[in-house]
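The values are calculated or read from the model by the stated rules, or taken from the named source; none is laboratory data. This structure is a prediction, so every number in the text was calculated from the model and none was measured. Cβ sites come from the backbone with ideal geometry, for glycine too, and all protein chains shown count toward neighbours.
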Amino acid sequence: MLDKLQIVKQRFDEVSDLIIQPDIISDQKRYVALNKEYKDLKVLVDKRDEYQELVNNITEAEEIISDGSDQEMVEMAKMQYDEAKARIPVLEDEIKFLLIPKDPEDAKNAVVELRAGTGGDEASIFAGDLFRMYTKYCEGKGWNVSTVDFSEGTNGGFKEIQFEVSGEDVYGTLKFEAGVHRVQRVPQTETQGRVHTSAATVMVFPEAEEFDVEIDPKDVRIDYFCSSGPGGQSVNTTYSAVRLTHIPTGLVAQCQDQKSQHKNKEKAFKVLRSRLYDLELAKKQEEDAAKRGSMVTSGDRSAKIRTYNYPQGRVTDHRIGLTLYDLQNIVNGDIQKIIDELMLAENTEKLKASDETI
């Protein structure tokens, strides 16, 4: 364990030196990446220091106990020894989880797409509820949410809505939300008071940089059209909305959220890049999940992952069999406890799958 952590410490010292170099500071992209690495490594280095201290405490305590000349010191040493022995296995588990290689995608921003599924108007209303839930969650984490495109439902909510989320480790957190979400409740339009089941699909793509995916302009058909929905005088009068069609794959990305055609085009290309990148990533996730037998992030967009049951105030995540009777807080954005459990389940799977002995 200490040998492994020594390598981490060497890299930490290296990064600590790099981030104060003027040429690194002037290269914003590299500086941000190294700063992130510094933060991640610091957590491990602090754990290493604690581990080293515990090992030293055990050695020191053993020496005092074996000497046995001062009974009071022996009693204190035994306490020190017991405390250190109890803490070490817990700390080793914490370190093992921290040493699991991080997915490079996790640090990326994300594009999230919500689509109403079965259930008609109620499914659109539910998609709107999910959008509100994610917006509140992201705001609570200090992340920025920016709408790309949407199509409103006839009785509220959205038939579909697409939005970008930017911040720290966004994709690594929100990727657990991808899949089919079900709601069981009495719809506003239901006169008999019967509980209906509706669904909405959540898709989460890592936001791809230009160097992640190269798009040949000849492969893209660009259509301009009038915006629909809120937006002031320019709506339905100027061709500011942009639709991109990637001819080889048939993928479509459009944006009508901005008043400027140029900004809409830029956003639409960002979404198209992310979707193309996600195609490759989904294949990789499926392969990884098949190897681990994982249901946590499997890449299967059609998998039913969570049910929100209003009559019982219950939320169940089917991948890990987690049930929480806290529906009101969860739909108001308090989803961190679910994500924490999913992260723990995935890390445990990765730990089991790792052939490497830590």
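Below are the figures for this structure:
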| quantity | calculated |
| --- | --- |
| Residue count for the stretch 134-157, restricted to those that are at pLDDT 95 or above and buried (at least 20 other Cβ atoms within 10 Å of the Cβ) | 4 |
| In the stretch 314-337, the residues that are surrounded by fewer than 16 Cβ atoms within 10 Å (Cβ to Cβ) and closer than 22 Å to Phe131 by Cβ | Asp326, Gln328, Asn329, Asn332, Gln336, Lys337 |
| When residues of the stretch 35-51 are limited to those that are modelled with pLDDT of 90 or more and crowded, with 16+ Cβ neighbours inside 10 Å, the one farthest from Lys102 (Cα to Cα) | Tyr51 |
| Selection count where residues are touching a helix residue (DSSP H, G or I) at 6+ places or on another chain (Cβ under 6 Å) and among the polar types (S, T, N, Q), scope the stretch 1-51 | 0 |
| Unmet criterion (only one of (1) surrounded by fewer than 16 Cβ atoms within 10 Å (Cβ to Cβ); (2) modelled with pLDDT under 90) for Tyr31 | (1) |
| One residue from Asn144, Asn155 being under 30 Å from Cys226 (Cα atoms), within 19 Å of the chain's Cα centre (by Cα) and not assigned by TED's automatic domain parsing to the domain that holds Asp40 | Asn144 |
| Matching residues in the stretch 177-202 - criterion: being outside any loop (DSSP other than H, G, I, E, B) and either closer than 21 Å to Gly142 by Cα or in contact with a helix residue (DSSP H, G or I) (Cβ under 7 Å, 6 or more places away or on another chain) (or both) | Glu177, His181, Val183, His196, Ser198, Ala199, Ala200, Val202 |
| Which listed residue is of a type in the set (A, V, I, L, M), under 18 Å from the mean Cα position of the chain (by Cα) and assigned to a helix (DSSP H, G or I), from Leu114, Leu91, Leu174 | Leu174 |
| Test for Asp149: is it over 14 Å from the mean Cα position of the chain (by Cα) and assigned to a strand (DSSP E or B) | yes |
| Residue identified as modelled with pLDDT under 90 and either surrounded by fewer than 17 Cβ atoms within 10 Å (Cβ to Cβ) or at negative phi (or both) among Gly193, Gly167 | Gly193 |
